[in-house]
Each structure stands twice: as structure tokens, then as C-alpha cells.
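Have a look at the structure below, then the notes.
The values are calculated or read from the model by the stated rules, or taken from the named source; none is laboratory data. Source: prediction; values computed, not measured. We place every Cβ from the backbone using ideal geometry, glycine too, and count neighbours over all the protein chains shown.
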Amino acid sequence: MIFRQLLEPQTSSFTYLLACESTRRAILIDPVDTEVPRYLTLLDDLALSLTYTLETHVHADHITGAGRLKAERGSKSIVHRDAGARCADLLVSDGVFLQVGHLEFDIRHTPGHTAGCISIVMSDRVFTGDSLLIGGCGRTDFQEGDAGRLFDSIHQRIFSLPPDTLVYPGHDYHGRTVSTLEEERRSNSRLGGAADRQTFIALMANLHLAAPPHMHAAIPANLACGTL
């Protein structure tokens, strides 16, 4: 497997490139519009054909690169059916298995940060988007966010994976790149240890966070698959 973790520094957003070494078919998870030239160069350098772009959710802090990549490379865009982006080529639901060459991805619906959030599971790792972050989690105060649903999603759909599963989040604001489920179960400040559902809901209701600065442009653009 070919694997690259790519950081967009303005929003601390991670994009993940995964490709099958034998077929040279590739997928990009959470591509960022401003980083498309970088992705195209990397695809060419590695002699890869981009098959899919896959969104963990409709982002509020950046515009997806799915539309530009489709125009440049003919890739198909994928989002969850509850995300609201009806422009996508494939609308997936919980339990769908996606294949890219010899790579297999299990789509798990993990709502709470948004209604259409997914986590993407492979044999040894999970891409959690903004649902589960290293030491924390995504906010739940807009885009149909629901703290109770997020708590349930993480505990039932993510923490149920093997403890040595690698956790690759959608963001990190402290220079970290990867965790494990064992670490998050034990020490995640919001969800680990003996965290209980009602305390978590109360905590999330009192964060009083400022809105992402590009939210009013990013959400409509992402509901249009980045083509606005």
C-alpha cells in the first residue's frame, strides 16, 4: 500500500492519499481545494490514477478539492447520503465496502459532529474525520450536530475496533499526526477513561466556540462538491 498524510497548514486539515501498489489506483480522503496542484504533482510523481475522492463530512473550514480533481482526473466523489451533497457521484451508507485496487475500506456512519459524518476503517487503521480527534473530538453546535449522537458513535462504532488500530484524524492543532484507539480510550480528555454520556453532552453545550472563519463560504461550496 502507498500511503501519504498531507497537511494543509492554514486550517490544520489532513488529507490522506492511499493507493494500491499493483494497480496504481488511488483514493484521496478529504482533499482541500487550495492543495489540488500539490495532489496532482504527487499523483504524477507516484504514477497513480485517482479513482475516488472521499469526504468524511461536509466541511465548514475549507472547500473540498473534489470538484477540481474530478475535472482534472475524472475521479468520482463520495459522501454519505445524509451529508446533503447530492452532487456526489456516489452516496454511501453505513456498512458499504469500497474497493480501490486491492485496498478495502469499510464505511461506518459516525454522526454527531454533523449528520453525515463517516469514519473509514481499514485492517489496521481508521480515518475519523472530525468525529474523533487526537485527545478530543469535533464540535457539535452546528450542521445538525448532536453531542449525544457523537458520544454514541465514538463509543459504539469507533472504540469497538481493536485497541491497536491506528487513528488518523481530520485535523490536529498541536503537531500530532496519529494515535491509537488504546490511547484514545484511556486518555482522550472528552471521551476516554470513565467519561459518561451526560457529562459529555453538558461539556459540549458549554464550549462557546467562535464560528470557523470561512464557514459561510465553505458549507455551500461543499454541498455543491466544491464546484461553486
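What are the residues in the range 56-79 that are among the polar types (S, T, N, Q), part of a loop (DSSP other than H, G, I, E, B) and touching a helix residue (DSSP H, G or I) at 6+ places or on another chain (Cβ under 7 Å), if any?
S75
Any idea which of R68, R38, R108 is under 17 Å from the mean Cα position of the chain (by Cα) and charged (D, E, K, R)?
R108
Before we move on, is A147 touching a residue at least 24 places away in the same chain (Cβ under 8 Å), within 19 Å of T15 (Cα to Cα), touching a Ser or Thr at 6+ places or on another chain (Cβ under 9 Å) and buried (at least 17 other Cβ atoms within 10 Å of the Cβ)?
Answer is no for this residue.
Sort out which residues of the range 92-105 are outside any loop (DSSP other than H, G, I, E, B), of a type outside the set (F, W, Y) and surrounded by fewer than 17 Cβ atoms within 10 Å (Cβ to Cβ), and write them in order of number.
Answer for the range 92-105, where residues must be outside any loop (DSSP other than H, G, I, E, B), of a type outside the set (F, W, Y) and surrounded by fewer than 17 Cβ atoms within 10 Å (Cβ to Cβ): Q99, E104.
Six or more apart or on different chains, Cβ under 9 Å: which pairs go from a residue in the range 19-41 that's over 22 Å from P169 (Cβ atoms) to one that's part of a strand (DSSP E or B) and β-branched (V, I, T)? Could you list them?
Close Cβ pairs (under 9 Å, with a partner that is part of a strand (DSSP E or B) and β-branched (V, I, T)) amount to C20/I2; C20/V100; E21/I2; T23/V100; R24/I2; R25/T51; R25/V100.
May I ask you to list the residues in the range 173-187 that are touching a strand residue (DSSP E or B) at 6+ places or on another chain (Cβ under 7 Å) and either loosely packed, with under 13 Cβ neighbours inside 10 Å or assigned to a loop (DSSP other than H, G, I, E, B) (or both)?
T177, V178 - these are the residues of the range 173-187 that are touching a strand residue (DSSP E or B) at 6+ places or on another chain (Cβ under 7 Å) and either loosely packed, with under 13 Cβ neighbours inside 10 Å or assigned to a loop (DSSP other than H, G, I, E, B) (or both).
Only one of L191, L133, L228, L166 is at pLDDT 95 or above and in contact with a Pro (Cβ under 7 Å, 6 or more places away or on another chain); which?
Testing whether each residue is at pLDDT 95 or above and in contact with a Pro (Cβ under 7 Å, 6 or more places away or on another chain) leaves just L133.
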